[in-house]
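Quick note: the coordinates plus some simple rules give every number you see, no bench work behind them. On a predicted model such as this, the values are computed, not experimentally measured, just so you know. Please note: Cβ atoms are built from the backbone with ideal geometry, for glycine as well, and neighbour counts cover all protein chains shown.
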Amino acid sequence: MPVPIWGTIGFVKLPGWLKVALGVGATVAGASWFLRHVWFYRDPKRTPPPDPDLILAPCDGKVVYIRPVVQGTVFAEKLGRAIPITEITRADWQASDEGWLIGIYMSPFDVHFNYAPMSGTIQRIVYTPTRANLPMLDLWEYIRMAWFRQAVDLLGKRFQLENERQTLLLENGKVRLAMVEIADKFVNKITTYVREGQAVQAGQKIAFIGRGSQVDLLIFTRQIEILTRVGAQVYGGQTPVARLLE
């Protein structure tokens, strides 16, 4: 009795186009499983530079904006108005009225661990839920950001002000920082590895965000040298984005 082989169902030979379609489907399904269950959870070793005055990227991703903080606000061209910093952090504190805001978009292809930008103490952790997360990007913006690796200015888009977020306030003897982890529509959850009052080292893993997301880094001083640029690819716990001048 003949034995069925690839390319047949029972004893019926499959047409060539169907064999191709089945092969493509199996490849896509396998790639999707790999991305969701392996690639998203990869954990590469990160070695921070030794300079204690450096402020490191809090995550992997593309720098999408760098804005000065003036009188506790940052101006968003998309909205045509200044956004209060507390509207981004959703926290009832503001360390300073002056500083810098650096936004980093994490695509599905980036490592999704978040890292301490400097050594210090976690002073506050503020979690803000929402009824439903909005998508961060439309289709064309997603193609540009994820596939062409082009920066898209996301400051002032609705997701940045309305989506679920977690804000961590980090302080040492020189400066205060805030990391605002903003969830995308498809985020599963934000997992936190630190607690309030805990001392952390620069480059230490402090959180994980499932799927795509964004991290806003607030540096509460103007006395810094910016070491990155819009459009730069940065790596969490490793790439310097600023240096303290004080």
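What the table below lists for this structure:
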item	result
Cα lying deepest toward the dipole's positive end in region 73-164, options T86, W147, Q123, charges on Cβ	W147
Gyration tensor verdict on region 149-231 (Cα atoms; rounded if a/c is under 1.5, prolate if a/b is larger than b/c, oblate otherwise)	oblate
Rough spin-label spacing in nm, given labels placed 7 Å along Cα→Cβ, for A132 and N172	4.4 nm
Neighbourhood net charge (13 Å Cβ-Cβ; Lys/Arg +1, Asp/Glu -1) for T121	+2
Cα shape, region 29-158, gyration tensor, a/c 1.5 rule	oblate
Kirkwood Rh in Å, taken over region 48-116 so that all alpha-carbon pairs contribute	13.9 Å
Pairwise label distance in nanometres, T121 with F75, each label 7 Å out on the Cα-Cβ vector	3.8 nm
Vicinal HN-Hα couplings computed from phi for region 73-89 (Karplus, 6.51 cos²θ - 1.76 cosθ + 1.60; Hz; Gly/Pro x)	9, 10, 7, 10, 4, 4, 9, x, 8, 8, 9, x, 4, 5, 6, 8, 6
Global geometry of region 90-190, whether rounded, prolate or oblate, following the gyration tensor of its Cα atoms and the 1.5 cut on a/c	prolate
Region 128-246, relative contact order [Cα under 8 Å, separation at least 6], %	23 percent
18 Å reach of a label modelled at Y41, 7 Å along Cα-to-Cβ, counting backbone N of region 151-190	187-190
